[in-house]
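The values are calculated or read from the model by the stated rules, or taken from the named source; none is laboratory data. Computed from a prediction, not measured in an experiment: that's the story for all the values here. Cβ placement follows ideal geometry from the backbone for every residue including glycine, while neighbour counts extend to all protein chains displayed. Calculation scope for accessible area: heavy atoms of the full protein, side chains included, ligands and nucleic acids excluded. Shrake-Rupley method; radii C 1.70, N 1.55, O 1.52, S 1.80 Å.
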Amino acid sequence: MEQPPSSPPPPAAATATAAPTPAPASAPIILSDSPPAAAAGAEPALTAAQKALRSKPARAPEDPDKKNKKLKDVEISFPIVYGTISFWLGKKASEYNSHKWTVYIRSATNEDLSVIVKRVVFQLHPSFTNPTRVVEQPPFELSESGWGEFEIAITLYFHSDVCEKRLDL
């Protein structure tokens, strides 16, 4: 019996992926300290962009000889998400305490922001006790309760080996 000729395998670009991958021109540059997956591993093959999105960025170890050396004209992109979440307290609500809320800064890819972010400063409404709140370790978020709406100024300070400028949101 003669077998029909086998069809060529589909091109690599036609394979389906579980998560959308960014275009190569806009893919973030992320350093990784995680070991490569085993050749006979149980997980499916991933594109370079997918591996970069799931790897944990790492700060280089301190080297006294290279302490003040920085790369010039290098841009590193690290996507972040910031926002607020609020919940009505229901029967526990009072006139001046009707909602529980949280303001946050997170990595868009669920990475550890502490490798690049040194601290986050949240500037609340002046009616709050201590309206300037500083968070120096993850999670970079702040929870409070209150009754009204107001704008929150957020300032990110980066580690000196990442960026010397602050980012105001």
Hits in region 138-169 (condition: free of Cβ contacts under 8 Å to residues at least 40 places away in the same chain, closer than 21 Å to I85 by Cβ and of a type outside the set (A, V, I, L, M)): P138, P139, F140, E141, G148, E149, F150, E151, T155
S145, sole failed condition from (1) buried (at least 16 other Cβ atoms within 10 Å of the Cβ); (2) out of contact with any Lys or Arg (no Cβ under 6 Å at 6 or more places or on another chain); (3) of a type in the set (G, A, S): (2)
Residues located in region 142-169, provided they are outside any strand (DSSP E or B) and within 17 Å of V120 (Cβ to Cβ): E151, I152, H159, S160, V162, C163, E164, K165, R166, L169
Among residues of region 70-92, those that are touching a residue at least 60 places away in the same chain (Cβ under 8 Å) and either open to solvent by less than 50 Å² (accessible area, probe 1.4 Å) or charged (D, E, K, R) (or both), counted: 1
Answer residue from region 93-137, given it is touching a residue at least 24 places away in the same chain (Cβ under 8 Å), over 24 Å from I76 (Cβ atoms) and among the charged types (D, E, K, R) and is least open to solvent (accessible area, probe 1.4 Å) among those: K100
Breaking point among (1) modelled with pLDDT under 95; (2) in a strand (DSSP E or B), for T84: (1)
Filter result (of a type in the set (F, W, Y), more than 30 Å from D161 (Cα to Cα) and under 23 Å from the mean Cα position of the chain (by Cα)) within region 68-122: W101
